[in-house]
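Peer 1: My questions will all concern the structure given below.
Values in this text are rule-based calculations from the coordinates and carry no lab data. Keep in mind it's a predicted model, so treat the numbers as computed, not measured. A quick note on method: Cβ atoms are made from the backbone with ideal geometry, for glycine too, and the neighbour counts reach across all protein chains shown.
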Amino acid sequence: MSQLLLRAVRSFGSAAHRCTLRQPHMPIIARSSRRLSQLQLADLSQTRLFTDKPTLRQAQVAMAKRDNSYLDEESPMLMNPDDELIAVDGLEESKGLSHYLQTGRTLTEQLSVLYACLSNGNIDTAQRMFTGLFRLYPEAMKEIADVSVHNEIIGGMLSAKPRALTTNALMWYDKMEKQYGIKPNVNTFAIMIGGFINCRMRNVAIVLMQEMLRRGFSFHSMLLSSYLNDGDIENIKKLAQMITSENSENSNLAAKLLQAVNEAEENLAEVSSDGSTGFSRYLSDSSSSLDTVEGANRAELSEVESVENTNISDAKTISKTDTLKETELISTRVTGIDQLKETLKTLYDSDLKGYNLQVRLERETYDSALARFREINEKRGDPLLSANTGRLRKIAATWLPQLESLIEEEQARCAKIEEDPGSDRVRGQYGQFLRMLDAPKVAIITILETLRQLASCMKDSLSDESTSKKVHAGRTLNIVNGLSKAVHDEIKIERLKKRENRHILGRNVTVAKLASSGKLLNMTIRRAQAKELRDATGDTTWIDAWDSMVKIRIGSMLLSLLIESARVPEHFVDPMTGDTSERMVPAFNHGYIYYKGRRHGIITPHNMLKEMFSKDSIVSIMTPRHLPMLVPPRPWLTYNHGGYLTQNEPCMRFKDNHEQLHLLKQASNDDRLYTLLSGLDALGQTRWAINRSVFAAVSKVWNSGREMADIPPSTFSTPEPQKPEDIETDKMARAKYYAELREWRNSRANQHSIRCDCNYKVEIAKAFLNHPMYFPHNIDFRGRAYPIPPHFNHLGNDLCRGLLIFHEGRPITKRGLYWLKIHLANLYGKDKLSHDERLEFIDAHEKDIMASADEPVPDAFINGEPNAARPWWIDAENPWQALASCIEYAAALRSPNPEEYVSHLHIHQDGTCNGLQHYAAMGRDTKGAIEVNLLPSDRPQDVYAGILNVVMRLVEEDSKDGVSEALILKDRLTRKIVKQTVMTNVYGVTLIGARDQIAARLREVKDDNGQHVFDILQVNQLAMYVAKKIFASLGEMFTQAQQIQNWLNESARRIAKSMHLNSLNAWKQAELETKESKSKLRAAQRDAKKGNGELDNDTILGIQPELGPGGRRRKRLNSLLAKPMTSVVWTTPLGLTVSQPYRNYALRQVNTPLQSISVYDTNMPSPVNSQKQKTAFPPNFVHSLDASHMILSAIECKVAGLVFASVHDSYWTHACDIDRMNAILRDQFVKLHERSIMDNLKAEFERRYANYKMPVMCWEYIGAPFSWVSAKDDSEKTRLSKKEIQAEREQNIEAELAKRQLQRCQDHEMLLSDDLSIDGSKNEANEALNPIEMIADGGSTVLVHMRQEHIKIVDLKTLKHINPKKDLIGAMKQADCIIYTLAMNKKALAEEQAAVKAEYKANLRKTRQEYKDRAKAKKTALTSKSKKGETPTPTPTAATTLTPDIEAKATGKEEEDIEAIRARLENEKNTKLAALSQKYVTEFEQKPILATANQLPAQFKDFRELVENSSVSGRFVERMKWADLEFDPLPHQGDFDIKEVLKSPYFFS
């Protein structure tokens, strides 16, 4: 037991539960008091988080060090290419994978169940789950179950009902660090201190405060914990006041605590309860801060700004300004619009302002809709209410009471399951989650979400293949997913509402003000603030992930309850009496339909509901979290802290991409995202307002119901196509009729959808007429920035952009008038003229411009009077923006001093096909750079017109040849038809996608009578023809871009089919073990059969354990290892690590009360979609580049004091600042492309995928033996060692695995295909290969070649290998020479060695013979002496026998002489043999020569000719191999200087 727990128990005693805040003080042991006094001097004096003074002091210090520079050497804007890469864990490194494969749930999903148990008060269940998971998967739990999980457990214990588990909480705190290795953070102490104070255990709380201070946390950080709500903080304050009044030994502690509370409350001035001065005070503060950033040159604008805070310039005010806000819009009868209007009432009716109003908007949920439905039920007889309530809403309100009761019953059944968990496992899975919300709220969510889903499905109706009819229904899967997501989101919101902490809001406001002042653009300050935030909140936050099966079961259960309870009235006629009566019938029916070969469950609404959907449709349920903000967004200091004030969402929008979330989190924790997040803050700080003059014109057009300037009419007036008389007999007439009918229905549905969308935009604009707007931004996975509010923002259509202006105005200046005229000409469609020609165009139409500004929508014209003048602005390409520019231009000219007119209009500078600009810059392509205006020219180049000219030339050539499509299209193609396809080609549009784009444009072409020029049955054929011509034209004009795109495609293809070396080894080992176990099992079965016995189960499981427990998990793991898992990952210049999310997710079957539903399991490690990874990489990479350029430009514009906005490659600012923005855009583009982007990408790939292998099907060149090798030597069988046998077996396994991988990736890279077949069954191909001989080599196809003339002996001692990747032919010929040289050396060596050995044997024989002769001579001499009477020396002869000792002496001397001579001869022989070995090289290491589809194309052509002409002597063996993942050399770059972009006048224009 820890010292903390001991002190708590001693000081608290057994009567702890009876202590109150008013109890007398209980003494604390002296040791803790001494510790507290030390901490008072150290810990309590540390800098507090997010207070004004420390932040300003940091800013002053940082700016003083950097001479007021916003950048420093330690915080570069662009990432260093040599920085360490963020690693992506491989499949074999996933610690929680075994748990998932065994249970079907990830550990994160299990922890979500744990949190649900805590929320429902099932503390024991939660504790058992945690300890069980930790016992089974300790390593994975250490990684996933961080301090936030322990905080939830402690919080659940302290909030348990009916009595808090205080002892359990202290014990868990004790073992949290000792047993699980998790250190408590400030949130841990905030939970415990707040919990024990609420339990009236003040002495334990005091001890915890001391412990918190001892660990280095401050009171200020504790008060900013999201685990404390306002009530908790008030109780803490009361405790501190009580201790202070008692004047006890803890008074100093209480004084410090009170000081922290008071300082925190000072930051709440912006969020005061009355809110009377909050907004105006914010405006003045932000204006003064902005003046500080911009410098003295903006000082004169402060007075103007103070006026504009409440009223934008008089030029924007129309004659009826005073009555403008009372203007009522004739809204479309759409329940979603009604919901939006109810939400927006807060802006009209509330007395709150600024941050208070923003917080109230963000916290609006389904509560308003629930209250409205209840009001309808309570006042059903009220005629006034009936008049103001839609019919659909009144019917839906009747479903609410019964649905509530059914959900309550289901929740009660789920609660009973806890007593016997095994009785109903299905209900036990989702019951904990269902009980987290009250039944009324779940009921209203079910009704609204189901109606929304069904209404949105009406225009996308399915076709019943069995009946060939349209079925107006919604897919069960879509509705179920929508319901579960809505419930899940509401649970998250309710969780946040329970923890309302105004001190956190105060901190967010303070940081938002800091961002508004521009101080966070100093990277030193930003990084310091981000570090403090991470230290205060922890590196991770609670991830509430639901299991896919839980989602499906909750959604299907709610849907089935709705089907049971929902009824609608139906009138029927009694067939017997003829009387009409009313009965209640089901509002929804469940059924099935076959669609595209698969059976789908559908929910079909009653015909009455279908009729209501067409008139009173619920297209979208608007929530306030989708609205623009009233105050500056919270700055993005970390990846999940920014944007809206009360919500914590990641800065990236992604769906089910866990890998990308991990990379984003790691990059944020490593502090790599400061540039990217600074750019998002710069975009979000732009303050917007509604252009009141344009809004007045829009309101007039809208209320008229007329179609004008892209606002659709209120009614669809196009007549339905008439059915032809010969429809039954003429197939072409029938096909044309149904095609036109389908087009007419789609047009009607689209017109209604667009009308509703316009209604949303106009209603939001009306609500914000008197309020400023801010658009918080986030990014997609490529780094592109988007406004978070989806319905109304500057990325919207022409209507949105025309309604928006900058809230801040600036004097337009002479140069600004110049750019305003250029801008107006661009909006009218004259953007390809030179600047002078555009100015002349505006001057020529000045009267039209003035008339448009004076009366945008004349009454005569809107009423359809004959001969009424058509307003000039309506014919512009962007009419509403053109109208806004006309009004601004007229107001400026009519002002007393036009150059001093304060303009609020945003002026645009657009890139020329921005994707091609980046390709041209990366490849330094001079020709492409000229086409996209990267290089200086006299007038802007029109790349779309250039492509059109090439296409028209190709069509003209085909028309001369009588091509039917060319004859139809000749002289009818326009720039508009080709523009979209050219623009999207660089972003990876497919041929089918291009066909659909062009088909839509061709159907828009009409003659003078308004009839379609191109027949509907031919339009797809014509569009495909044009698409192919456009693709060919692009390859002709942008060859360098095509080469780079091909390199990116090929690199992605190789990555997507590669595997990490560890995964490959694990897969290979699994295959080897499987084969060995099967072989052993077969052998065991044979032995058992011979003995007339059978194998028992234990023996079988001992041989094949995968058949026993855990076998299913091992089998699933092996199947995962056998699939390509590697996605393409790269790092953008801003430090964002991007992972492409394209994978083939597995389907899981979920049985529900409605039906069996198949869902994609995004949690299972899934193989990549190789084709999608390949095709999507080039556009995604280019998108990441233009996103980096935009973010860099946004930061620099903010630093320069410009008001800046962007729509990807379109950049906006005030007219007076266009020149400065242009300079910044060019400068940042040059800085971006000075970095050798392609070299850096290739280097990153080589580093990131250094240990990856990819399967290749290749031809290996093997030299053939020559004719002088004897048949005897060739026929001898070499005995292989066990090691060699194992290596050969592994090589065969690798070849088999490589073949499987290529088949899965659908990668057919047959090197010798079609024109060079290797199939022995194709005689024609074999004859074509003469004189190539076909033989078999170990099951592989082999091409054997004869000896050629190029073979010669080479010096192997000084030979250098030729790289086959650079010179394949030279490498093969060198291999021939090496083999020939080795063979000749072996032959010569063998011959000379044989000669030396023969000489040695001859000399030895000669010596022995000499000794024999000498002995014989001696014997003869002795015999002669004996005959003469001399005493002979005894020698052994046949006649005489020598004594043994004499004979031994004689022969021993001879042998001694022979051995000495033989040793000498042996030494001479060995010396000669060693010299021969040095003379002839017989062993030479030769690397494999592989010919694959990855070689250079020119080499392939020569290689094919080489095989056909038999100009090499070796043989080619087809092999499957795992080769190192390597990348081709980069395409050759051009030579134009990127700095020339700085001189191009039309780079952005």
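Peer 1: Using a Förster distance of 25 angstrom, determine the FRET efficiency expected from the C-beta separation of LEU1404 and THR1482, and round it to 0.05.
Peer 2: Efficiency computed from Cβ-Cβ geometry: 0.40.
Peer 1: On to the next question. Could you rank the peptides 112-123, 1478-1489, 1236-1247 by their average count of other C-beta atoms within 10 Å per residue, with the highest value first?
Peer 2: Result, highest mean Cβ count within 10 Å first: 112-123, 1236-1247, 1478-1489.
Peer 1: Per 0.36 nm of contour for each residue apart, how much would the distance between TYR595 and ARG215 grow if the chain were fully extended, relative to their Cα-Cα spacing?
Peer 2: Result: 130.5 nm gained on full extension.
Peer 1: Mind giving me the nanometre distance, one decimal, between the label points for SER1077 and ALA1395, set 7 Å out from Cα along Cα→Cβ?
Peer 2: Taking the two extended label points, one gets 6.3 nm.
Peer 1: Under the rule a/c < 1.5 gives rounded, and otherwise a/b versus b/c splits prolate from oblate, where does region 1125-1275 land using the Cα gyration tensor?
Peer 2: Working: a/c = 4.56, a/b = 1.54, b/c = 2.96.
Because a/c hits 1.5 or more and a/b fails to exceed b/c, region 1125-1275 counts as oblate.
Peer 1: At a Förster distance of 51 Å, what's the computed FRET efficiency of LEU1473 paired with GLN1069, Cβ-Cβ distance as r, to 0.05?
Peer 2: On the way: r = 45 Å, r/R0 = 0.89.
Efficiency, rounded to the nearest 0.05: 0.65.
Peer 1: Same structure again: Tell me, what is the FRET efficiency for GLU249 and LYS175 to the nearest 0.05, using R0 = 30 angstrom and their Cβ-Cβ distance as r?
Peer 2: On the way: r = 31 Å, r/R0 = 1.02.
Given R0 = 30 Å and the Cβ-Cβ separation, E is 0.45.
Peer 1: Would region 755-884 count as rounded, prolate or oblate if I go by the C-alpha gyration tensor, calling it rounded below 1.5 in a/c and otherwise prolate when a/b exceeds b/c, oblate otherwise? Walk me through the numbers before you get to the answer.
Peer 2: Working: a/c = 1.92, a/b = 1.27, b/c = 1.51.
Note, shape of region 755-884 comes out oblate.
Peer 1: Going by Cα centres, region 133-178 and region 759-808 are how many Å apart?
Peer 2: When both Cα centres are located, 44 Å separates them.
Peer 1: Another question, if that's okay. For TYR1480, what charge total do you get from the other residues with a beta carbon under 11 Å from its beta carbon, if Lys and Arg give +1 and Asp and Glu give -1?
Peer 2: That works out to +1.
Peer 1: Okay, next question. Would you mind calculating the gained length between LEU893 and ARG360 on full extension (0.36 nm times residue separation, minus the Cα-Cα distance), in nm to one decimal?
Peer 2: The span from LEU893 to ARG360 would gain 187.6 nm if fully extended.
Peer 1: In Å, what Rg and Dmax follow from the Cα atoms of region 865-938?
Peer 2: 19.3, 58
Peer 1: Another question about this same structure. A 32 angstrom limit on the alpha carbon distance is what I want to check against. Which of LYS927/LYS1365; LYS183/LYS1253; LYS237/LYS416; LYS161/LYS665; LYS1360/LYS1521; LYS1068/LYS1487 exceed it?
Peer 2: From the list (LYS927/LYS1365; LYS183/LYS1253; LYS237/LYS416; LYS161/LYS665; LYS1360/LYS1521; LYS1068/LYS1487), the Cα-Cα distance tops 32 Å for LYS183/LYS1253; LYS237/LYS416; LYS161/LYS665.
Peer 1: ³J(HN,Hα) across region 729-744 via Karplus (A = 6.51, B = -1.76, C = 1.60, θ = phi - 60°), whole Hz, x for Gly/Pro?
Peer 2: Working through the residues one at a time gives 10, 9, 5, 5, 5, 5, 5, 5, 4, 5, 5, 5, 5, 5, 5, 5 Hz.
Peer 1: Would you please put 145-156, 552-563 in order of how densely packed they are, using the mean number of other Cβ atoms within 10 angstrom per residue and starting with the highest?
Peer 2: Top of the packing list down: 552-563, 145-156.
Peer 1: Using 0.36 nm times the number of residues separating ILE1369 and ASP489, minus their current alpha carbon distance, what extension gain do you get?
Peer 2: Contour length minus Cα-Cα distance gives 310.4 nm.
Peer 1: Quick one: what are the phi-derived ³J(HN,Hα) couplings along region 152-168, Karplus 6.51/-1.76/1.60 with θ = phi - 60°, whole Hz, x for glycine and proline?
Peer 2: Result, ordered by residue: 5, 5, 4, x, x, 5, 6, 9, 5, 10, x, 9, 5, 8, 5, 5, 4 Hz.
Peer 1: Right, something else. Starting from the 7 Å offset along Cα-to-Cβ, what nm value, one decimal, do you get for the label separation of GLN1149 and ALA1415?
Peer 2: 9.5
Peer 1: What distance in nm separates the simple spin-label points at SER423 and LYS142, each placed 7 Å from Cα in the Cβ direction?
Peer 2: Between SER423 and LYS142, the simple spin-label model gives 4.1 nm.
Peer 1: Given CYS1258, ALA1223, HIS1233, which one lies farthest toward the positive end of the charge dipole of region 1214-1262, if we put +1 on the Cβ of every Lys and Arg and -1 on the Cβ of every Asp and Glu?
Peer 2: Result: CYS1258.
Peer 1: Shifting gears a bit: What residues have an amide H closer than 5 Å to that of VAL568, excluding those fewer than 5 places away on the same chain, when H is modeled at 1.01 Å from N in the peptide plane?
Peer 2: VAL585, ALA587
Peer 1: Sum up the charges of everything whose Cβ sits under 13 Å from the Cβ of THR990, counting Lys and Arg as +1 and Asp and Glu as -1, but leave THR990 out.
Peer 2: Values: positive: ARG995, LYS1028, LYS1172, LYS1174; negative: ASP996.
In short, +3.
Peer 1: From the phi of every residue in region 867-879, what ³J(HN,Hα) in whole Hz does the Karplus formula 6.51 cos²θ - 1.76 cosθ + 1.60 yield, where θ is phi - 60° and glycine or proline is x?
Peer 2: 6, 6, 5, 8, x, 5, 5, 5, 7, 6, 5, 10, x
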